[in-house]
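> Below is the structure I would like to discuss, written out as structure tokens.
The values are calculated or read from the model by the stated rules, or taken from the named source; none is laboratory data. Because the structure is predicted, anything quoted here is derived from the model rather than measured. Cβ: placed from backbone, ideal geometry, glycine included. Neighbour counts: every protein chain shown.
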Amino acid sequence: MQSKIVGQLIRSLIIIIILFGSIFLLYMLFPYIYPILIAFLLSLLFQPFIRFFAEKLKMPRLLALVSTFILFFSLFTFVLFFLVSEVYQGILYLSDRLPAYFHHMMEQFQQLLDTQILPLYDQLLSLLTTLHVDYRLEVYEYINSFTESVTAASTRFFQMLLQQTANFLMMLPNSFTVFIFIILATLMISYDFHNIQNKFREIIPSNWYALHKKIASHLKEAVIGYFKAQLILVCISAVILWIGLSVLGVEHAFTIVLFAAIADFIPYLGIGIIIIPWILFSFLTFNYPLTIGLSVLYGLIIIIRQLIEPKIVATSIGISPLMMLIGMFLGIQWLGVFGFILAPVILVVILAIKKSGVFQQLFLYIKG
């Protein structure tokens, strides 16, 4: 009995070492292998289209690959052209309106300076003259300290901004090289995908390959469900935003909603990358009705997203809403905002592994 327990502990320890060793190895190698991983994922995305061109349209595989690449490249170019044209139209619109906004803002600021700030400054000066010399010196020291702190903080901010800009410019040549490598690797992997798949099948044992096929199948189903859920959430947010902007009488509401929907796919930021600067700009230009309206609209979108996201994501990937809610909460507690994004992905992987029967086989192995 004791030897059986020792054997179970040893097998459990082996599994734990393999698991954490694999995670550590992936963490160390990821900066070097991520272009290959991206290329492999893109080739997986290309495969259904390549098979369609090759089997349905009877094209040679090379021609099917070229047709698929042209299709995706054309789609990417069209989307990029559309975005650039919309940005250009937006810049023209802002360049036409900004001078008037800026002039209005300066008039409001001058009025505020004349009616509020300067009288308050005069009152403070008169108050300081009535103070004892020691208190007056102490107040001056506090003011000088505050001014120096603000100046130092501003200097550090602009230094950091310049440093980050320089780092970004230095990354561009390397990023371009990585981009070219990903494109070439995607084409090569896509063309030789079946041979790579057969080689992989020959290398690993047959039972492991069958297990891999099960995990891949369930993972594909869960990932598609997860992205479907995100698309539903983005559409809901876009509809709410479009209705809100239409009620507020905002011009070019559809274009703004389109950009907000694209930004909503960005982790951490979402539509806030558009709405929050807009709220600040409206506040600085003293357009308080629009500031309040945008703030209420943004808060409404955030609340609705938080209420419906666990339910929609859980339904799409087959996890109970309570489990999804707990996972998101633990993710936020452990990893902050990044954990909120990562938690559904981890649950998707765990669900795919569970459905494939890996946990049951590990339990039987530990049990002996």
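> What residue, among those in the range 320-343 that are of a type in the set (V, I, T) and modelled with pLDDT under 70, is farthest from E221 (Cα to Cα)?
Going residue by residue through the range 320-343, those that are of a type in the set (V, I, T) are 326, 332, 337, 341.
Now narrow it down to the ones that are modelled with pLDDT under 70: 337, 341.
On the way: V337: 26, I341: 19 Å.
The selected residue is V337.
> Checking I304 against (1) surrounded by fewer than 18 Cβ atoms within 10 Å (Cβ to Cβ); (2) touching a Lys or Arg at 6+ places or on another chain (Cβ under 8 Å), only one condition comes out false. Which one?
All conditions pass for I304, except number (2).
> Further question on the same structure: Under 7 Å between Cβ atoms, at least 6 apart or on separate chains: pull out the pairs that start in the range 219-248 with a residue that is without any contact (Cβ under 8 Å) to a residue 12 or more places away in the chain and end on any residue that is small (G, A, S) and surrounded by fewer than 19 Cβ atoms within 10 Å (Cβ to Cβ).
S246/A253
> What about W278, is it under 26 Å from L92 (Cα atoms), out of contact with any Lys or Arg (no Cβ under 8 Å at 6 or more places or on another chain) and free of Cβ contacts under 8 Å to residues at least 24 places away in the same chain? Don't jump to the end; show me each part of the working.
On the way: under 26 Å from L92 (Cα atoms): yes; out of contact with any Lys or Arg (no Cβ under 8 Å at 6 or more places or on another chain): yes; free of Cβ contacts under 8 Å to residues at least 24 places away in the same chain: yes.
Taking the combined requirement at face value, the residue satisfies it.
> Could you look through the range 251-284, keep only residues that are surrounded by 18 or more Cβ atoms within 10 Å (Cβ to Cβ) and part of a loop (DSSP other than H, G, I, E, B), and pick out the one that is modelled with the highest pLDDT?
Ranking the qualifying residues of the range 251-284, first place goes to I271.
> While we're on this one: Restricting to the range 192-236, count the residues that are under 25 Å from L362 (Cβ atoms) and either assigned to a loop (DSSP other than H, G, I, E, B) or among the aliphatic types (A, V, I, L, M) (or both).
Of the residues in the range 192-236, 10 are under 25 Å from L362 (Cβ atoms) and either assigned to a loop (DSSP other than H, G, I, E, B) or among the aliphatic types (A, V, I, L, M) (or both).
> Under 6 Å between Cβ atoms, which residue pairs at least 6 apart in sequence (or on different chains) link something in the range 282-304 that is in the same structural domain as S237 (by TED's automatic domain parsing) and closer than 13 Å to I243 by Cβ with a partner that is surrounded by 15 or more Cβ atoms within 10 Å (Cβ to Cβ) and among the β-branched types (V, I, T)?
If the second residue must be surrounded by 15 or more Cβ atoms within 10 Å (Cβ to Cβ) and among the β-branched types (V, I, T), the pairs left are I301/I240.
> Another question about this same structure. Which of the numbered conditions does I224 fail, given that it passes all the others? Conditions: (1) exposed (fewer than 14 other Cβ atoms within 10 Å of the Cβ); (2) at pLDDT 85 or above.
(2)
> Does the range 49-59 include one or more residues that are modelled with pLDDT under 85, of a type in the set (A, V, I, L, M, F, W, C) and under 25 Å from the mean Cα position of the chain (by Cα)?
no
> Further, regarding this structure: Based on this model, can you work out whether L113 counts as loosely packed, with under 11 Cβ neighbours inside 10 Å and either at pLDDT 80 or above or over 19 Å from A185 (Cβ atoms) (or both)? Walk me through how you get there before you give the answer.
Numbers: loosely packed, with under 11 Cβ neighbours inside 10 Å: no; either at pLDDT 80 or above or over 19 Å from A185 (Cβ atoms) (or both): yes.
No.
Results for (1) at pLDDT 85 or above; (2) within 30 Å of I353 (Cα to Cα); (3) part of a loop (DSSP other than H, G, I, E, B), shown as yes or no for each residue.
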| residue | (1), (2), (3) |
| --- | --- |
| I17 | yes, yes, no |
| I23 | no, yes, no |
| F40 | yes, yes, no |
| F46 | yes, yes, no |
| L63 | yes, no, no |
| I70 | yes, no, no |
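> Something else about it: Exactly one condition in (1) at pLDDT below 75; (2) within 28 Å of F82 (Cα to Cα) is not met by H218; state its number.
Tallying (1) at pLDDT below 75; (2) within 28 Å of F82 (Cα to Cα), H218 fails exactly one: (2).
> Out of the range 1-60, which residues are of a type in the set (A, V, I, L, M) and touching a residue at least 60 places away in the same chain (Cβ under 8 Å)?
Kept after step one, since they are of a type in the set (A, V, I, L, M), are these residues of the range 1-60: 1, 5-6, 9-10, 13-19, 23, 25-26, 28-29, 33, 36-39, 41-42, 44-45, 50, 54, 57, 59.
Answer for the range 1-60, where residues must be of a type in the set (A, V, I, L, M) and touching a residue at least 60 places away in the same chain (Cβ under 8 Å): I15, I36, I38, A39, L42, I50.
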